[in-house]
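The values are calculated or read from the model by the stated rules, or taken from the named source; none is laboratory data. Please read these numbers as outputs of a predicted model, since none were measured by experiment. We place every Cβ from the backbone using ideal geometry, glycine too, and count neighbours over all the protein chains shown. Just so you know, the surface numbers come from the protein's heavy atoms only, side chains and all, with ligands and any DNA or RNA stripped out. Shrake-Rupley method; radii C 1.70, N 1.55, O 1.52, S 1.80 Å.
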Amino acid sequence: MFAGLQELGVANGEDLKETLTNCTEPLKAIEQFQTENGVLLPSLQSALPFLDLHGTPRLEFHQSVFDELREKLLERVSTIASEGKAEERYKKLEDLLEKSFALVKMPSIQPVVMCVMKHLPKVPEKKLRLVMADKELYKACAVEVKRQIWQDNQALFGDEVSPLLKQYILEKENTLFSNDLSVLHNFFSPSPKMRRQGEVVQKLTQMIGKNVKLYDMVLQFLRTLFLRTRNVHYCTLRAELLMSLHDLDISEICTVDPCHKFTWCLDACIREKFVDNKRARELQGFLDGVKKGQEQVLGDLSMILCDPFAINTLALSTIRHLQELVGQDTLPRESPDLLLLLRMLSLGQGAWDMIDSQVFKEPKMEADLITRFLPMLMTFVVDDYTFNVDQKLPSEEKGQFAYPSAIPEAFAKFLQENRIACEIGLYYILHITKQRNKNAFLRLLPGLVETFSDLAFSDIFLHLLTGNLTLLADEFAQEEFCTSLFDVFFLAACSRKENVHRHVLRLLLHLHHKVAPVKLESLQKALEPTKQSGEAVKDLYNQLGEKLEVHKPSPAQVTESPSVELPLPTVPTPASL
């Protein structure tokens, strides 16, 4: 409590104890101690007896004076830190720190010492080491001081950042597995600006401040974790962190990050969920502007394009462009904007391989993707349009057009072997589901059983698919629809992929009342958790069981209805007449 007072020649509790132990007249000794160490203000001595008359303890008085002086001192330190030439004010603060640092462990004085350190751009190394060595001091010091400690101690900074990164990933996963299924409010609904207000991004932004070295450390952590886990949410955080610093006009960092302007432009596209022609040209300019010898920047650009929010925007824009090309009677290879979208998708999807191999070169685009796969998707659009027009014609004018049920073999092959084709194909299926196009959905669904790297069973796709399926709620009463969706697609992967198990249970929790009772019963048996199943699956299954119990119709009570037969009167036979 009195740490450091002796070093400054100020008496403390130990001195008083020693004085009282060795004196013959304790009362006189106490009075002398009070006189020597009290507030040295002559006019105060005559006023103190009035406090005694009011029953105010001297401790309470001295404490209030002390608190007032401390507040004044804190204000004065802040004033010194903001007035005059930088060199002069820092010299004053350094002198003040030198005089007061001995009291840094004294709780009542500590805020003043910490305030002085906070305003110094460079705290002496010796004092930083003392703060770092003491857990309580380290915890109490301001983030401005901690930055100075962290920039030369990557391990300690990593310990501070690691829990925040874990929290961030957990928040993303919780959103993807949320029990709320909706087309309007899904994983991609929050705007970029809203996402950047999240607790983790704000804390990291504050921890980094204007320190380029700390920013580079965080980026290195994100690259390392992305390589180790392949978790694309680290790519989202990389973009969000840069844009959060951009929002605060931290030019010290934004001007040295070569991805800043590209990320800024892409952020505007993500906000609109579409890449328009003007921004497409800007993005292309950044990509084409990567000079020889600076290819390493492609690694960071690919990580920013690997952000699921960027992939979502690029894929949605691709589907929209394909629909426009159908109306314009134009082939995909003739659209520069579409080719740019594919180029960025390819760069984003190749991020992990590029960073892992350290070969910073744009992935080569496969010609078949542009000349065969995309035209095939356009034929699907034409099939849907033709069928819809045919259905609207009067019966006498209708042709013999039956909706094609077979899936082209080449479509399934592309989804299995080409990552970009698979991504676009999955987004096309999300598109037709959102359009409530049951025929197209059932036609293409079998092609999702085997896809590149099991992308059809990724959490992001299943989160979006289950949300869109709520628009086809009435179809769940049909045996054919449920068999295709559950038996052919979902249940094929449930046993080997727990995340699929969870998404199916999420879907049934929302739409169980639409499924035929017999089918629902068989699904409940098929989805029963095993001993190896995680707690999340078991919890969802129990929730489903409870819901089904509530909705189960009670057995009809059989009651004996009163007889409506009336006794017939005896009628005499003709013989008895």
- [ ] Starting from the range 340-388, pick out the trypsin sites (Lys or Arg not before Pro) whose DSSP state is loop and whose Cβ has at most 16 other Cβ atoms within 10 Å.
- [x] 361, 364
Task: Estimated dipole of the chain in Debye, rounded to 20 [Cβ of Lys and Arg +1, of Asp and Glu -1, Cα centre] - done: 880
Open item on the list: Run the reach check for residue 91 against aspartates and glutamates, Cα to Cα strictly under 13 Å, same-chain hits fewer than 8 apart removed. What comes back?
Closed with: 83
TODO: Starting from the Cα of residue 28, draw a straight line to each of the lysines and keep only those under 27 Å, dropping any in the same chain fewer than 8 residues away.
DONE: 17
Open item on the list: With the cut-off at 32 Å, tell me which of the pairs 172/291; 146/273; 273/552; 135/538; 127/210 have Cα atoms farther apart than that.
Closed with: 172/291; 146/273; 273/552; 135/538
- [ ] Roll a 1.4 angstrom probe over the protein heavy atoms and tell me the percent of accessible area of the range 147-197 that is carbon or sulfur.
- [x] 52
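Which value, in debye to the nearest 20, describes the size of the charge dipole of the range 126-277 about its Cα centre when Lys and Arg Cβ atoms bear +1, Asp and Glu Cβ atoms bear -1, and nothing else is charged? Numbers along the way, then the final one.
On the way: 22 positive and 19 negative charges, 83 e Å.
I would put it at about 400 debye.
Mind scanning 139/213; 139/261; 413/434; 122/203; 85/122; 72/213 and naming the pairs with a C-alpha gap bigger than 27 Å?
Numbers: 139/213 22 Å; 139/261 37 Å; 413/434 24 Å; 122/203 22 Å; 85/122 16 Å; 72/213 35 Å.
Too far apart for the 27 Å limit: 139/261; 72/213.
On a full-extension model of 0.36 nm per residue, what is the gain between residue 367 and residue 229, subtracting their alpha-carbon distance, rounded to one decimal in nm? Intermediate results must be reported in sequence, preceding the final value.
Values: separation 138, 0.36 × 138 = 49.68 nm, distance 3.09 nm.
46.6 nm is the gain from fully extending residue 367 to residue 229.
Rounded to the nearest 0.05, what FRET efficiency is calculated for residue 405 and residue 331 with R0 set to 41 Å and r the Cβ-Cβ distance? Don't skip to the end; give the middle numbers.
Working: r = 27 Å, r/R0 = 0.65.
Given R0 = 41 Å and the Cβ-Cβ separation, E is 0.95.
Enter the mean projected area of the convex hull around the alpha-carbon atoms of the chain, in nm², rounded to one decimal. Intermediate values should be presented prior to the final figure.
Details: hull surface 229.5 nm².
Convex hull of Cα atoms, orientation-averaged projection: 57.4 nm².
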Open item on the list: Sort 147-159, 183-195, 17-29 by packing, meaning the average of other beta carbons within 10 Å per residue, with the highest value first.
Closed with: 147-159, 183-195, 17-29
Task: Furthest towards positive pole of dipole, 243, 255, 103, structure part the chain, Cβ charges - done: 255
Task: 17 Å cut-off, amide nitrogen to a point 7 angstrom out along residue 296 Cα→Cβ, residues in the range 191-232 - done: 212-224
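Can you order the peptides 73-86, 535-548 by their average number of other Cβ atoms within 10 Å per residue, highest first?
Working: 73-86: 13.3, 535-548: 15.6.
Sorting 73-86, 535-548 by mean packing, highest first, produces 535-548, 73-86.
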Task: Karplus (6.51, -1.76, 1.60) ³J(HN,Hα), θ = phi - 60°, over the range 273-288, in Hz, Gly and Pro reported as x - done: 6, 6, 9, 7, 4, 5, 5, 4, 5, 4, 4, 4, x, 5, 5, 5
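How big is the range 203-245 by the Kirkwood estimate over distinct Cα pairs, in Å?
10.5
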Open item on the list: Suppose each label sits 7 Å from its Cα in the direction of the beta carbon; what would the residue 249-residue 206 distance come out to in nanometres?
Closed with: 2.2
Task: Cα-Cα P(r), the range 176-229, percent of pairs per 5 Å interval - done: 4, 15, 15, 17, 21, 12, 9, 4, 1
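Quick check: at a probe of 1.4 Å, how many percent of the accessible area of the range 401-541 sits on carbon and sulfur atoms? Present the calculation step by step, with values, prior to reporting the outcome.
Values: 2850 of 5910 Å².
Taking all protein chains in place, the range 401-541 shows 48 percent carbon and sulfur surface.
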TODO: Just name one of 548, 476, 227: the one whose Cα is farthest towards the positive end of the charge dipole of the chain (beta-carbon charges, Lys/Arg +1, Asp/Glu -1).
DONE: 227
Task: Overall dimensions of the range 163-318 as given by Cα atoms, namely Rg and Dmax in Å - done: 15.4, 49
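Given a 1.4 Å probe and every protein chain left where it sits, what share in percent of the accessible area of the range 275-344 is carbon and sulfur?
Working: 1440 of 3120 Å².
The value for the range 275-344 is 46 percent carbon and sulfur by accessible area.
For the chain, what is the calculated [θ] at 222 nm in deg cm²/dmol (nearest 500), taking -39500 (n - 2.57) for each run of four or more DSSP H residues and dividing by its residue count?
That comes out to -19500 deg cm²/dmol.
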- [ ] State the answer as a single residue: which of 381, 527, 296 lies farthest towards the positive end of the charge dipole of the chain, with beta carbon charges of +1 for Lys and Arg and -1 for Asp and Glu, about the Cα centre.
- [x] 296
Task: Sequence-separation-based contact order of the chain, relative, with Cα cut under 8 Å and 6+ spacing, percent - done: 9
